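The values are calculated or read from the model by the stated rules, or taken from the named source; none is laboratory data. No experiment lies behind these values; they were computed from the predicted model shown. Here the Cβ is made from the backbone with ideal geometry for all residues, glycine too, and neighbour counts use every protein chain on show. Quick note on the areas: whole protein, heavy atoms, side chains included, nothing else; ligands and nucleic acids left out. Shrake-Rupley method; radii C 1.70, N 1.55, O 1.52, S 1.80 Å.
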Amino acid sequence: ERLKPLTNILPKPLIPIGDKTIIEEIMSRFISIGSNNFFISLFYKSELIKYYFKEKKNKQYKIDFFKEPKPLGTAGSLFLLKNKLKKTFFVTNCDIVIDQDYREIYRYHKENKNEITIVSALSHFQFPYGIIETGKEGKLISIEEKPEITYSINSGMYILEPHLLKEIPENKFFHITQLIEKVKKRGGTIGVFPVSEKSWIDIGDWKKYIDEIDVIKK
């Protein structure tokens with residue numbers, strides 16, 4: 001919805017970015033390290049995505065498509081892979097690109113015996129206004145002009161162990177953050193792998209799409 005009206009015609013994965021589509025830009029990072037087996041969850045304009053890859057006939061990778069019966073959130077459709085995935089796997093949103101050696105993330109995940117690894121990104125933000133802190137009766141305590149903060153955000157990429165597919169409810173709306181909370185509550189091991197602000201490219205809305213498409217072209 002954030003990329004309308006472009007997505008009224010094209011599904012988000014097929015939006016162009018340079019001479020590729022968004023999804024191909026993401027896939028190319030995995031293919032470059034020899035990871036070429038993809039499972040793609042479909043719903044909106046699914047036939048168009050299938051047709052696009054059928055026409056590409058690219059032998060560099062293998063794709064298994066699976067379709068949500070209804071919108072199921074960022075993890076709900078994974079229940080359809082319960083009997084298909086037997087090894088550690090990556091999950092990524094289709095509107096972000098992580099410019100990082102994914103082998104490093106994988107090694108971190110395995111060495112720390114994580115069930116889930118969240119890829120986080122540093123994000124820097126400067127408030128456009130002065131920030132005021134007040135006390136009793138509106139007395140001024142402090143004022144800071146346009147403060148800057150740096151914080152760690154969820155990038156939208158994860159590594160999961162296959163046994164977690166059993167913890168995803170069948171055919172229900174379910175976000176991956178709900179799975180993370182579920183694992184956390186039972187004492188499971190969750191790791192966070194940080195990447196720099198410049199390594200995380202978000203193309204999920206118009207302004208960021210226009211900004212980042214120039215970055216990738218350069």
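Summary table below
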{"read-out": "Unmet criterion (only one of (1) open to solvent by less than 70 Å² (accessible area, probe 1.4 Å); (2) at pLDDT 85 or above; (3) not in a helix (DSSP H, G or I)) for Ser123", "value": "(2)"}
{"read-out": "Qualifying residue in the range 33-48 (condition: hydrophobic (A, V, I, L, M, F, W, C), without any contact (Cβ under 8 Å) to a residue 60 or more places away in the chain and in contact with a Pro (Cβ under 7 Å, 6 or more places away or on another chain))", "value": "yes"}
{"read-out": "Residue in the range 20-40 that is closer than 20 Å to Phe173 by Cα and surrounded by 12 or more Cβ atoms within 10 Å (Cβ to Cβ) present", "value": "yes"}
{"read-out": "First in the range 7-29 and at positive phi, second anywhere and of a type in the set (D, E, K, R) and exposed (fewer than 13 other Cβ atoms within 10 Å of the Cβ), Cβ under 7 Å, 6 or more apart", "value": "Gly18/Lys217"}
{"read-out": "Looking only at the range 163-188, and only at residues there that are of a type outside the set (D, E, K, R) and over 23 Å from Phe43 (Cβ atoms), the one that is most open to solvent (accessible area, probe 1.4 Å)", "value": "His163"}
{"read-out": "Which numbered condition Phe66 fails, given (1) open to solvent by 50 Å² or more (accessible area, probe 1.4 Å); (2) closer than 22 Å to Leu164 by Cβ; (3) in contact with a strand residue (DSSP E or B) (Cβ under 9 Å, 6 or more places away or on another chain)", "value": "(1)"}
{"read-out": "Single residue of Lys67, Lys45 found to be within 20 Å of Phe174 (Cβ to Cβ) and over 18 Å from the mean Cα position of the chain (by Cα)", "value": "Lys67"}
{"read-out": "Pick from the range 97-111, criterion over 18 Å from Gly188 (Cα atoms) and surrounded by fewer than 17 Cβ atoms within 10 Å (Cβ to Cβ), ranking: nearest to the chain's Cα centre (by Cα)", "value": "Asp99"}
{"read-out": "Test: residue in the range 51-58 that is under 19 Å from the mean Cα position of the chain (by Cα) and open to solvent by less than 60 Å² (accessible area, probe 1.4 Å)", "value": "no"}
{"read-out": "For Glu170: the one exception among (1) farther than 30 Å from Met27 by Cβ; (2) acidic (Asp, Glu); (3) part of a loop (DSSP other than H, G, I, E, B)", "value": "(1)"}
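Table: residues versus (1) in contact (Cβ under 8 Å) with a residue 24 or more places away in the chain; (2) farther than 20 Å from Asn93 by Cα; (3) hydroxyl-bearing (Ser, Thr, Tyr).
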residue	(1), (2), (3)
Lys110	no, yes, no
Val119	yes, no, no
Tyr129	no, yes, yes
Glu133	no, yes, no
Lys136	no, yes, no
Ser142	no, yes, yes
Thr150	yes, yes, yes
Asn154	yes, no, no
